[in-house]
Amino acid sequence: MKRNLLLLGCLLSFSCLTFAQKKNAKKDPPQEKLTIPGSASLRPPVKAMDLKFDYKQVNAPMPQFDIFNHQNENITKDVLDAGGNIIMMVFNPVCDHCENQTKLFIDNIDLFKKSRLLLVAAPVQVPNLSYFESNVKFSLYKNLMTVSVDSAKVLDKIFNYVELPQINIYDGKTHRLLKTFNSLQPLDSLRSFIQ
């Protein structure tokens, strides 16, 4: 009898302890939100892909992307490490404003010696790239201008859905967003960002 009571007492203690731990676990904040000084080394490392950014905000990092140029060659963010700012233009190959903006870039291509021009279109626009090439002859400037197609849904993260073209200026070293322009922009608006 004494043994049965001891066993019952142990089971009850174990049950109460388990219940208390579950109850306290619901009250404790997640480890990522702890602000106790010196506790950073106790937190598990946060993976870069777990972080959520509003990529449309100034100072946001350039999102990871996987794009292909018109010759189906893969382009990664590492290719854009030319030293100067990255001028990324979201465009539609059959958009008149986009075509005019690209021609403005080409007419002033000598200004873009360090800066990288990256034009990104949606995947559905692949058939229209040859039309765009015939109008603006971008392949003549492939060392300074890259025309590409998004294959990683980057446009969903950076496009403001206001007006085309959208020009995002990224710092060449940190790859952080400096400024966003919507619609056709005169060169004077962009001049301070061109290197």
Along segment 151-164, Karplus-curve 3J(HN,Hα) (6.51, -1.76, 1.60; θ = phi - 60°) to the nearest Hz, with x for Gly and Pro, reads 10, 10, 6, 5, 4, 4, 7, 10, 7, 7, 6, 9, 7, 9
Under a point spin-label approximation (7 Å from Cα along Cα-to-Cβ), what is the K114-F53 distance to one decimal in nm? 2.2 nm
Extension length gain for L140 and H175 (0.36 nm per residue less Cα distance), in nm, is 10.0 nm
Here the net charge surrounding N100, from other residues whose Cβ is less than 15 Å away from its Cβ (Lys, Arg +1; Asp, Glu -1), is -2
Can you give the FRET efficiency to the nearest 0.05 for R191 and E73, using r as the Cβ-Cβ distance and R₀ = 25 Å? 0.25
Please list, in order along segment 182-195, the HN-Hα scalar couplings obtained from phi with the Karplus expression 6.51 cos²θ - 1.76 cosθ + 1.60 (θ = phi - 60°), rounded to whole Hz, x for Gly and Pro. 10, 6, 4, 10, x, 4, 4, 5, 9, 3, 5, 9, 7, 10
L119 long-range amide H proximity, modeled H, under 5 Å: M89, T146, V147, S148
Picking from L184, N59, T102, whose Cα lies most toward the positive end of the charge dipole for segment 55-193 (charges on Cβ: Lys, Arg +1; Asp, Glu -1)? N59
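Bear in mind these aren't lab numbers, they're just calculated from the coordinates by the rules spelled out. Model, not experiment: these values are computed from the prediction. Note that each Cβ is placed from the backbone with ideal geometry, even for glycine, and that neighbours are counted across all protein chains shown.
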